[in-house]
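Here is the structure we will look at, set down as structure tokens.
The values are calculated or read from the model by the stated rules, or taken from the named source; none is laboratory data. None of these values were measured; they are calculated from a predicted model. No Cβ is skipped: glycine too gets one built from the backbone with ideal geometry, and neighbour counts run over all protein chains shown. Keep in mind that these areas ignore ligands, DNA and RNA; they rest on the heavy atoms of the full protein, side chains included. Shrake-Rupley method; radii C 1.70, N 1.55, O 1.52, S 1.80 Å.
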Amino acid sequence: MLRLPDFDYYAPSTAEEAVRVAADHGPDAAYVAGGTDLYPNMKRRQQTPAVVVGLSRISALREITGEASSGLRIGAGVTLTRLAEDERVRAAYPSVAYAASTISTPLLRNMGTIGGNLLLDTRCNYYDQTYEWRKSIDFCMKRDGEICWVAPSSPKCWAVNSSDEAPLMVALDAKLRFVSPEGEREIPARELYGADGINYLTKRPDELLLDVCLPPANGWRAAYVKLRRRASFDFPVLGVAARVKTAADGTVEEATVVLGAVHPSPRIIEEAGAVLVGRKLTDEAIREAGEIAQHLARPLDNTDFLPHWRKQVVATHVGRALAGLR
Amino acid sequence: MGVSNGTPKDNGANGHGQTTEPVGRHPRGEGERSDSAVVGKPFVKVDSRSKVLGTMKFADDLTLPRMLHAKLLRSTEAHARIVSIDTTRAEALEGVYAVLTGRSMPITYGILPVSQDEHALCVDRVRYIGDPVAAVAAVDEETAEAACRAIDVVYERLTAIDSVKTALETPEPRIHDYGEEGNIHKRVDLEFGNVDEALASSHHVREDLFFYEGNTHLPLEQHASLAEWHPDGKVTLWSSTQTPHYVHRALAKVLELPPSRVRVVAIPNGGGFGGKSDIFNHEIVVAKLAMVTGRPVKICLTREEVFYCHRGRHPVLMRFRTGVDERGRILGMHSQTYIDGGAYGSYGVASTFYTGALQTVTYHVDRYKFDSVRCFTNKPPCGPKRGHGTPQPRFGLEVQIDKIAADLGLDPIEVRKQNLVEPHSMTANWLRVGSMGLGPCIDKVVEGSDWYSKFRKLPYGRGVGLACGSYLSGAGLPIYWNDMPHSGVQIKLDRSGGVAVFCGATDIGQGSDSVLAFIVADVLGIDPVDIRVVCGDTDLTPVDLGSYSSRVTLMMGNAAIEAAERARAPLAEAVSKKLSIPRSRLVFGGNRVFDAENPETGVTFAEAVQFAETSIGTIGSTGSYKPPRAPGRYKGAGVGPSPAYSYSAAVAEVDVDPETGLVAVERIWIAHDIGRSINPTLVMGQVEGSVYMGLGEALMEAMEYRGNRGVVHKFPSMLEYKSPTTMEMCDVVTYLIEDPDPNGPYGAKEVGQGPLLPIMPAVANAVFDAVGVRVDEVPISAEKVLKAILAKAEGKDGRYGPAKTPAVEWHEPHRVPPPWEGGDGRAIDDPKHMPVPLADPSGHRYKHDMSGD
Ligand SMILES: Cc1cc2nc3c(=O)[nH]c(=O)nc-3n(C[C@H](O)[C@H](O)[C@H](O)COP(=O)(O)OP(=O)(O)OC[C@H]3O[C@@H](n4cnc5c(N)ncnc54)[C@H](O)[C@@H]3O)c2cc1C
Ligand code: SF4
């Protein structure tokens, strides 16, 4: 069996305590919620925190509060199973519930949380491997090595943001509330993700995610389409989150198209949204938006499927997401 | 069949078919019991409760007092010379009990006598990333792992070989210093009748290239072994192995112990599929570590290591040239296979022959030529995976037949049915076919799937495809040639009424323990739950060669019937005396022995045993089985013969997304000619399991490698080695065709592997029906389908597949006349060859039809 490295485990029961422990240990500490991302990474020695701060005893993180009309607040510790099944979420934010229901497997969804999902480490076929495997290729830039195998001349890492909820949160313009010894602050999902697979979050390591605030659920609709090889277990190799606000006659007033799983961060395709505004969601308009997105997508060879094919099918999947919003 | 003249059956060659050797057993009661009480009934498996409840002990569940844990340090180089190994830092770690390197076990081993090319730990050369170079026994896994990381190995990198093409182009450095030459491990060239002549006289000849990607078994249970050293100089190994007999041989050889002091116990496998049929490094290493430390030592491989053990499907590039007459009947076939063997021999020599041997057992091939080359490459070794060497050429053959039918405007079903091999006939390569139920199999799936209202009629994106297959019910020859039984069964009867049955076979989930209990229960007329099965223990059980080659039900089954009948005899004798009833009137049934004419008169089974024990003493019996001798006498004739061939046909219905190329298989109808079901539920389970595995091979599974710093497995994990989940599993409609085979126990044939074979080509053919493009490769991934669709839309060839084969210098073939062209099954260059004159020397099956040309 692959074994975990040694580490000290803390199980605080309040957010304040958790933040204090994490701050005390600086970069040696990591939070863990469901552990479905962190522990496998630790077994493979991609991440080797000396101190792990467990969040599962902090009941405040497991609450869903507020109203759809003014925006729902989802605690970072809410499990994906609950998110997928919660009646309020399903009624007002069906795409959020749906995306959660597609993540990994039922067992992993029982453990995995929305917080962990939004803060997922970036992924790459050269990186999500055991220490020995990585040693056989002399490692890579993201951990223990020098170069990027995906883009050898590149100064940066192209590991992919593979979260299914992240593109939606960006499309929905959700706000994330963090706490640290310096107090609370809110980061919009749109500003959370960095463009580099190594520095993939703009938050500091000791900042604890408290909750995610979804915008009031009126006047807009959103959809999520996930592409992967198998209908369970697999990470997305392409995620499309689309959000539109339409007038009574169906004319698009606002539109956001976000691609997930093809870049180090979820990427808003501004031009694809812009081309829809002022028009109805006709086949023609949808096709144009899809083509723009496809043109701008830059999948690389670090996930399942060939990157060329992943690019080839972007328009189709953007189209399917938008068609669902007609 | 339409053609009766000059068939292989009645042209004089059939004399070879006669045999006085043992055939399958169909037990009859001492009296005239006609129907079986157990055989053919859906009895629950003997181990199902423990599996469902999680109480079944697998190898990694075993623990012994003072047990140590082992880990292997594996090579991070694909091909390199070991310059030095420094274990000092590892040995100094607290909790480390022993560190081994290759020098401690210099003797080589391997599953085949001709490929003794493996070391328990590499001595001076590593041949793939994952090849074990050192081993540690420590107080726990963490310490063992830390110790492995503290071993310093210096390598001198050698050119790594990543494919058949590179292997052929790169004779030096050689991966092994044996084999044909350069990096060619094995070459086969055989010709049965003049194929060029047959092709020249054909109405239509097609040449096609296919590629079948390698894939692996993916058993849920990771290999595990536990070894114990006994102070009296004996060693015991408990292991998740399909072949305890061969592990026993190898352990004795490498550890230099008399075989009588080595005991190998096969623990029920959590899935095998051929992936636990070799002797593995870790099995020998833990035994050695137990000897060195004097303490029990256990290892459980990680999932990544299971990928490195591999021994799975060989990647095979194929070229088929097939000639047919106007009606699509096969006159000649030339098949060439280019095989990527990986770093070691494993079963590879047999696999090489298997890529040609069974092409002749479904459709009559009048003349047949077969060339094959297997190369060494710096990848985990390939070996036997379900279907062993035959799914690849079967894929090519079944797709090519569809293409031939399309070329000639014929119905692919009719083309197949016209070509069917006759039951009880011989093939061009001298395989003796017994019962042959492929015709009824095809009829069943054609009817069940409503084929004729779907084929070429479904809307764009949906399609149906059909394919067939056949497989051995056990190889006719053992791995080590000898005349001893292939399977032995021993029975001990007890005055309590309990029955203990001993056999060397291993239950790998397929249900062989249950089959053994069912057959013995059936013959003795008792309930299967009253039978205790003891299997796969080289100290306690008679030899059975192992759970591979679909041999167990047929061979162990026949041995079990013999043993059970022999056990029954003294009981009948004693009861007959006691009750003064003639033996011929006694019936064994319902846990009793009774008078057929007067069923109330009788004794319980336990009483019958007591009477027998009283009169003759302790009751026990043995039974054994050895397959009939195969008729072929040429070099290579040892691979392919079997006591019986199973047949299957399948129809796949698929849904192809033309915008992405993604293929979903909606439903499979599959019919399997089982001969006779010993237990229909277990048979269905094997059929459905084969469909599931077939979907994986057809759609996604691939052992892929990258070239970064050598040849490295692309992603040895269950997440990224894509195998279907339950969500991808299609609906399956199964039909069992029961036409008892004279060689099978109760007429039973195999089901463990055969039903896999038609799945991949059926899916390929269905994809063509759905979107009009051909993917002449497995897996049929979305990328390939979309590429072909886009090519076709641009007016180009709507095909994805290999375009050329590498250059190989083929040798002059050994020429063996097919049975209907005379000869005695020997090659004509064999000095012992004796031509047998024929009544009709040109002897083609289709001579009459062709005479008009
Ligand atoms: C086989 C498999 C398949 C998967 N498939 C998918 C998939 O299809 N789609 C997908 O999106 N994900 C997938 N995942 C990833 C993962 O399971 C989910 O994203 C899950 O939601 C992660 O949540 P967690 O609570 O388990 O995270 P953890 O592992 O506990 O944490 C993940 C990261 O977030 C940090 N973190 C967690 N909570 C907080 C917090 N409150 N504040 C600050 N930092 C925090 C941790 O420090 C860590 O760096 C898969 C994982 C596996 C193993
Ligand atoms: S993108 Fe490059 S640097 Fe980043 S993880 Fe992959 S190989 Fe490493």
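For the reader, a short list of remarks on this structure follows.
- Helices (runs of 4 or more DSSP H) contained entirely in the stretch A:235-326, each with at least 1 residues that are in contact with a strand residue (DSSP E or B) (Cβ under 6 Å, 6 or more places away or on another chain), within 22 Å of A:Tyr93 (Cα to Cα) and among the hydrophobic types (A, V, I, L, M, F, W, C): A:314-323
- Looking only at the stretch B:717-732, and only at residues there that are touching a helix residue (DSSP H, G or I) at 6+ places or on another chain (Cβ under 7 Å) and either charged (D, E, K, R) or facing chain A (nearest Cβ under 7 Å) (or both), the one that is most open to solvent (accessible area, probe 1.4 Å): B:Glu728
- When the stretch B:538-588 is filtered for residues that are within 39 Å of the chain's Cα centre (by Cα) and at positive phi, the ones remaining, listed by number, are B:Gly546, B:Ser549, B:Ser550.
- Of the set (1) touching a Cys at 6+ places or on another chain (Cβ under 9 Å); (2) open to solvent by less than 40 Å² (accessible area, probe 1.4 Å); (3) not aliphatic (A, V, I, L, M), all apply to B:Pro755 but (1).
Matching residues to (1) among the aliphatic types (A, V, I, L, M); (2) within 16 Å of ligand 2 (Cβ to nearest atom); (3) within 14 Å of chain B (Cβ to nearest Cβ):
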{"position": "A:Met1", "(1), (2), (3)": "yes, no, yes"}
{"position": "A:Asp8", "(1), (2), (3)": "no, no, no"}
{"position": "A:Thr14", "(1), (2), (3)": "no, no, no"}
{"position": "A:Val19", "(1), (2), (3)": "yes, no, no"}
{"position": "A:Thr36", "(1), (2), (3)": "no, no, yes"}
{"position": "A:Val53", "(1), (2), (3)": "yes, no, no"}
{"position": "A:Leu61", "(1), (2), (3)": "yes, no, no"}
{"position": "A:Leu72", "(1), (2), (3)": "yes, no, no"}
{"position": "A:Glu85", "(1), (2), (3)": "no, no, no"}
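- Taken together, the criteria place A:Leu2 among residues that are more than 9 Å from ligand 1 (Cβ to nearest atom) and assigned to a loop (DSSP other than H, G, I, E, B).
- Of all residues in the stretch A:210-235 being out of contact with any Lys or Arg (no Cβ under 9 Å at 6 or more places or on another chain) and modelled with pLDDT of 95 or more, the one that is farthest from the other protein chains (Cβ to nearest Cβ): A:Pro216
- Pair list, Cβ under 6 Å, 6 or more apart: the stretch A:102-122 residue closer than 13 Å to A:Ala76 by Cβ, other residue more than 6 Å from ligand 1 (Cβ to nearest atom) and open to solvent by 10 Å² or more (accessible area, probe 1.4 Å): A:Thr113/A:Gly77; A:Thr113/A:Thr79
- Among the residues of the stretch A:36-45, those that are farther than 15 Å from A:Asp8 by Cβ and within 6 Å of ligand 1 (Cβ to nearest atom) comprise A:Thr36, A:Asp37, A:Pro40.
- Residue within the stretch A:144-151 that is within 16 Å of ligand 1 (Cβ to nearest atom) and buried (at least 22 other Cβ atoms within 10 Å of the Cβ) present: no
- Selection within the stretch B:575-599: residues that are among the hydrophobic types (A, V, I, L, M, F, W, C) and more than 23 Å from B:Val38 (Cβ to Cβ). The member of this set that is surrounded by the most Cβ atoms within 10 Å (Cβ to Cβ) is B:Ile581.
- Filter result for B:Thr506 (open to solvent by less than 10 Å² (accessible area, probe 1.4 Å) and in contact (Cβ under 8 Å) with a residue 40 or more places away in the chain): yes
- Selection count, the stretch B:31-85, where residues are in a loop (DSSP other than H, G, I, E, B) and more than 30 Å from B:His176 (Cα to Cα): 28
- With a requirement of 3 or more residues that are more than 11 Å from every other protein chain (Cβ to nearest Cβ) and more than 7 Å from ligand 1 (Cβ to nearest atom), the helices (runs of 4 or more DSSP H) lying completely within the stretch A:90-140 that satisfy it span A:94-101, A:106-111.
- A:Trp133 fulfils the conditions (1) in contact (Cβ under 8 Å) with a residue 12 or more places away in the chain; (2) in contact with a Pro (Cβ under 9 Å, 6 or more places away or on another chain) except for a single criterion, (1).
- Of note, A:Asp138 satisfies the criterion of being more than 9 Å from ligand 2 (Cβ to nearest atom), without any contact (Cβ under 8 Å) to a residue 40 or more places away in the chain, open to solvent by 10 Å² or more (accessible area, probe 1.4 Å) and outside the structural domain of A:Lys43 (by TED's automatic domain parsing).
- Qualifying residue in the stretch B:551-570 (condition: open to solvent by less than 20 Å² (accessible area, probe 1.4 Å), touching a residue at least 24 places away in the same chain (Cβ under 8 Å) and not in a helix (DSSP H, G or I)): yes
- When the stretch A:114-135 is filtered for residues that are open to solvent by 10 Å² or more (accessible area, probe 1.4 Å) and more than 16 Å from ligand 2 (Cβ to nearest atom), the ones remaining, listed by number, are A:Gly116, A:Asn117, A:Leu119, A:Glu132.
- Test: residue in the stretch A:158-171 that is more than 14 Å from chain B (Cβ to nearest Cβ), open to solvent by 50 Å² or more (accessible area, probe 1.4 Å), out of contact with any strand residue (DSSP E or B) (no Cβ under 7 Å at 6 or more places or on another chain) and away from ligand 1 (no atom under 14 Å from the Cβ): yes
- Exactly one residue out of B:Lys749, B:Lys784 is within 11 Å of chain A (Cβ to nearest Cβ) and basic (Lys, Arg): that is B:Lys784.
- So B:Ser646, is it part of a helix (DSSP H, G or I), of a type in the set (S, T, N, Q) and open to solvent by less than 10 Å² (accessible area, probe 1.4 Å): no
- Apart from one condition, B:Glu398 fits all of (1) open to solvent by less than 10 Å² (accessible area, probe 1.4 Å); (2) closer than 21 Å to B:Ser646 by Cα; (3) more than 23 Å from the chain's Cα centre (by Cα); the exception is (3).
- Test result for B:Val712, under 26 Å from B:Tyr128 (Cβ atoms), within 13 Å of chain A (Cβ to nearest Cβ) and touching a helix residue (DSSP H, G or I) at 6+ places or on another chain (Cβ under 6 Å): yes
- Near pairs, Cβ below 7 angstrom, 6+ apart or cross-chain, from the stretch A:8-31 (among the acidic types (Asp, Glu)) to any residue that is open to solvent by 40 Å² or more (accessible area, probe 1.4 Å): A:Asp8/A:Ala50; A:Asp28/A:Ala50
- Answer from B:Gly675, B:Gly661, B:Gly707 - the residue that is open to solvent by less than 10 Å² (accessible area, probe 1.4 Å), more than 14 Å from B:Thr216 (Cα to Cα) and within 14 Å of chain A (Cβ to nearest Cβ): B:Gly661
- One residue stands out in the stretch A:268-299 among those that are open to solvent by 50 Å² or more (accessible area, probe 1.4 Å) and within 14 Å of chain B (Cβ to nearest Cβ): the one that is farthest from ligand 1 (Cβ to nearest atom), namely A:Asp283.
- Looking across A:Gly239, A:Gly194, one residue alone is more than 16 Å from ligand 2 (Cβ to nearest atom) and either under 27 Å from A:Gly66 (Cβ atoms) or not acidic (Asp, Glu) (or both). It is A:Gly239.
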